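> Below is one structure. I have some questions about it.
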Amino acid sequence: MYDKRTVHKSELVKQAAALSDIPAAAAARLIDELLDTVKAHLRNGSKVSIAGFGTFEAQRKPERQGRNPQTGEPLTIAARKTPKFRAGKALKDAVNR
């Protein structure tokens, strides 16, 4: 059933709909709402922990000096937040089975 290719959101929606016996449109809305909720919590600085799966958090990167690779000119790279994911033990175990 599973192979070594990239699985896209549309395929996840089809599979979730089939497994849950709900229409694909409802499964798509559910997945969209889940992802939007995770993004909103990360934007506000919260961690999102899903038991058996892992933890999402926004990690702060401070402002730093860099160089333009074409000209060598120094430039300032702005501070930002980047998403970080730590897989939970159950997910690690499932992947390594």
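The values are calculated or read from the model by the stated rules, or taken from the named source; none is laboratory data. Because the structure is predicted, anything quoted here is derived from the model rather than measured. Note that we place each Cβ from the backbone using ideal geometry, even for glycine, and neighbour counts take in every protein chain shown. When the accessible area is computed, the model is the full protein with side chains, heavy atoms only, and any ligands, DNA or RNA have been set aside. Shrake-Rupley method; radii C 1.70, N 1.55, O 1.52, S 1.80 Å.
> Which condition number does K4 fail, the rest of (1) of a type outside the set (A, V, I, L, M, F, W, C); (2) in a loop (DSSP other than H, G, I, E, B); (3) within 30 Å of K81 (Cα to Cα); (4) open to solvent by 90 Å² or more (accessible area, probe 1.4 Å) being met?
The single condition K4 does not satisfy is (3).
> Please specify each residue of segment 50-74 satisfying the condition of being open to solvent by 90 Å² or more (accessible area, probe 1.4 Å) and among the polar types (S, T, N, Q).
Correct list: Q65, Q70, T71.
> Need a quick list: strands (runs of 3 or more DSSP E) entirely within segment 24-97 having at least 2 residues that are farther than 22 Å from K9 by Cβ and under 21 Å from the mean Cα position of the chain (by Cα).
54-61, 80-87
> Suppose we filter segment 76-97 for residues that are surrounded by fewer than 10 Cβ atoms within 10 Å (Cβ to Cβ) and of a type outside the set (V, I, T); how many remain?
The qualifying residues number 4.
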